[in-house]
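Enquirer: Handing you a structure now.
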Amino acid sequence: MLSDDVQAISVDDHVVEPPNVFVDHIEPRFKDRAPRIVERDGAEGWLWEDRFYPLTFQGNSKTRRFRPGEGGRGDDLFARRYEDMIPAAFDVHERVRAMDEDGVWAELLFPTFPRFGGTQFLQAEDKDLALAMVRAWNDWMIDEWCAAYPERFIPQTLIPLWDVTASVAEIERCAAKGSRAVLFVENPHPLDLPSFPTGHWRPVFEACNATGLPLSMHIGTSSGLISPSPESSPSVGIALCGINSMSALGDLIFSGVFNGLPNCRVALSEGGAGWVPYVLERLDYTWERSRYGGLENTAPPSEVFAQHVWVCMISDRYAIRNRDAIGVDKIMWEADFPHNDSNWPNSRKVLVDALIDVPDDEARSIAESNARQLYRFPRA
């Protein structure tokens, strides 16, 4: 069971950028072109390169402030203005209060306007401006948000996905500033970027190996979730989001990205964990029997996973039951605050109930220790 002294760490939460992020932190020569919040047609959003990006916060019945006439379902879950969200979505001091209420000690945060892997900036017409925006977001996250409560937030940072050399430089710059993880994508190909098997991203993986920064690959960063047909409910992709992580895992391992990089590590974010034993069994079976080319991994997939990959869970009974087959040291916990899957303000209670029959040391590993070790984030 989960002891009261465990400091629960959520490895997948989200932050809505406050309006000052880019204006305050971008290089002075780009300040007049930095994204800023404007209002159009009753909605607030970011204006950048003459394009308007409405706020895209998706909350739930506890984190979204509903307007008169809204039923609290479907599109009502999306905020159109900052006042439609609880302040903890975008204010660091309110966030810590919400974490205290939720029983969460520390969080690893994913962006909103840049999208979870920074793919928004691929749309830039001026890539120099986009690089300045990446750097501004990173400086804000490290120097302002995380610095306000350094024991409560694990800094992770964006890279300019369109430029591998600049990405390596930004990884090294942010590692020196205190970053503990690199935001990346689960599959570059749907974004019109080179795939993992091409070897294009090798310098990025090498930089992460050298700096010790894990790569965070959030579901949907490949451009979306599974949708069997145009008529399918979005709930299909949400319920089966683990398929994205399964696909990413197979491609990463079979393409050999980890070969020769013992300290390169990947966290598959928000993809669940209960599926891992079956997928590893199937990957091993295929690797041993396959007659097709392109299998570049030099060790069985299950061994590659054990050395290089971590997974996380919100509410996942099958992961708990099969934790030995996954590896207790491979499972981390997430609260997904303030999104629709979040159990705020009862996240710790849900976690306690999930771990009720788990030995204390294993419960501590899942709730706290694994995250501290992976992200090199020791207790103060």
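The values are calculated or read from the model by the stated rules, or taken from the named source; none is laboratory data. Just so it is clear, the structure is predicted and the values come from calculations on it, not from any experiment. Counting neighbours? That spans all protein chains shown, and the Cβs are built from the backbone with ideal geometry, glycine included. In case anyone asks, the SASA skips ligands and DNA or RNA and just uses the protein heavy atoms, side chains included. Shrake-Rupley method; radii C 1.70, N 1.55, O 1.52, S 1.80 Å.
Enquirer: If you scan region 75-86, which residues turn out to be at pLDDT below 85 and open to solvent by 50 Å² or more (accessible area, probe 1.4 Å)?
Expert: 75, 78
Enquirer: Filter region 228-246 for residues that are assigned to a loop (DSSP other than H, G, I, E, B) and open to solvent by less than 50 Å² (accessible area, probe 1.4 Å) and give the result.
Expert: Hits for region 228-246 are 229, 232, 241.
Enquirer: While we're on this one: Please go through region 354-372 and give me each residue that is polar (S, T, N, Q) and either assigned to a loop (DSSP other than H, G, I, E, B) or without any contact (Cβ under 8 Å) to a residue 12 or more places away in the chain (or both), ordered by number.
Expert: Residue satisfying the conditions is 369 alone.
Enquirer: Let me ask you something else. Got a sec? Which of 222, 302 is within 25 Å of residue 199 (Cβ to Cβ), small (Gly, Ala, Ser) and more than 18 Å from the chain's Cα centre (by Cα)?
Expert: The match here is 302.
Enquirer: Same structure again: Report the residue count in region 265-282 for those that are in contact with a Leu (Cβ under 8 Å, 6 or more places away or on another chain) and outside any strand (DSSP E or B).
Expert: The number of residues fulfilling the criteria is 2.
Enquirer: Out of everything in region 324-352 that is surrounded by fewer than 22 Cβ atoms within 10 Å (Cβ to Cβ) and over 21 Å from residue 106 (Cβ atoms), what residue ends up being modelled with the lowest pLDDT?
Expert: 340
Enquirer: While we're on this one: Which one is nearest to residue 124 (Cα to Cα), of the residues in region 29-65 that are of a type in the set (S, T, N, Q) and surrounded by 12 or more Cβ atoms within 10 Å (Cβ to Cβ)?
Expert: 56
Enquirer: State all residues of region 60-97 that are assigned to a loop (DSSP other than H, G, I, E, B) and touching a strand residue (DSSP E or B) at 6+ places or on another chain (Cβ under 6 Å); if no residue qualifies, say none.
Expert: 79, 80, 81
Enquirer: A further question follows. Give the number of residues within region 87-116 that are surrounded by fewer than 20 Cβ atoms within 10 Å (Cβ to Cβ) and of a type in the set (Lys, Arg).
Expert: 1
Enquirer: Restricting region 263-283 to residues that are open to solvent by 30 Å² or more (accessible area, probe 1.4 Å) and among the charged types (D, E, K, R), which is nearest to residue 11 (Cα to Cα)?
Expert: Top of the filtered list is 265.
Enquirer: Return yes or no: is residue 249 assigned to a loop (DSSP other than H, G, I, E, B), under 16 Å from the mean Cα position of the chain (by Cα) and at negative phi?
Expert: The answer is no for residue 249.
Conditions (1) in contact with a Pro (Cβ under 6 Å, 6 or more places away or on another chain); (2) of a type in the set (A, V, I, L, M, F, W, C); (3) within 25 Å of residue 264 (Cβ to Cβ), marked per residue:
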{"position": "291", "(1), (2), (3)": "no, no, no"}
{"position": "296", "(1), (2), (3)": "no, no, yes"}
{"position": "319", "(1), (2), (3)": "no, yes, yes"}
{"position": "322", "(1), (2), (3)": "yes, no, no"}
{"position": "332", "(1), (2), (3)": "no, yes, yes"}
{"position": "338", "(1), (2), (3)": "no, no, no"}
{"position": "345", "(1), (2), (3)": "no, no, no"}
{"position": "349", "(1), (2), (3)": "no, no, no"}
{"position": "354", "(1), (2), (3)": "no, yes, no"}
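Enquirer: Determine whether region 3-25 contains at least one residue that is over 24 Å from the mean Cα position of the chain (by Cα), in a loop (DSSP other than H, G, I, E, B) and farther than 30 Å from residue 358 by Cβ.
Expert: No: region 3-25 contains no residue that is over 24 Å from the mean Cα position of the chain (by Cα), in a loop (DSSP other than H, G, I, E, B) and farther than 30 Å from residue 358 by Cβ.
Enquirer: Suppose we filter 311, 304, 257 for residues that are aliphatic (A, V, I, L, M), within 24 Å of residue 350 (Cα to Cα), open to solvent by less than 30 Å² (accessible area, probe 1.4 Å) and at pLDDT 95 or above; which single one remains?
Expert: Answer to the selection: 311.
Enquirer: Output the number of the condition that residue 365 fails; it satisfies all remaining conditions of (1) farther than 19 Å from residue 1 by Cβ; (2) crowded, with 19+ Cβ neighbours inside 10 Å; (3) of a type in the set (S, T, N, Q).
Expert: (1)
Enquirer: With the structure loaded, tell me whether residue 101 is more than 28 Å from residue 49 (Cα to Cα) and among the acidic types (Asp, Glu) or whether it fails that test.
Expert: yes
Enquirer: Restricting attention to region 368-380, and to residues there that are modelled with pLDDT of 95 or more and open to solvent by 40 Å² or more (accessible area, probe 1.4 Å), which single residue is nearest to residue 309 (Cα to Cα)?
Expert: 373
Enquirer: Out of 5, 12, which single residue is open to solvent by less than 10 Å² (accessible area, probe 1.4 Å) and either within 30 Å of residue 370 (Cα to Cα) or touching a residue at least 24 places away in the same chain (Cβ under 8 Å) (or both)?
Expert: Being open to solvent by less than 10 Å² (accessible area, probe 1.4 Å) and either within 30 Å of residue 370 (Cα to Cα) or touching a residue at least 24 places away in the same chain (Cβ under 8 Å) (or both) holds for just one of 5, 12, which is 12.
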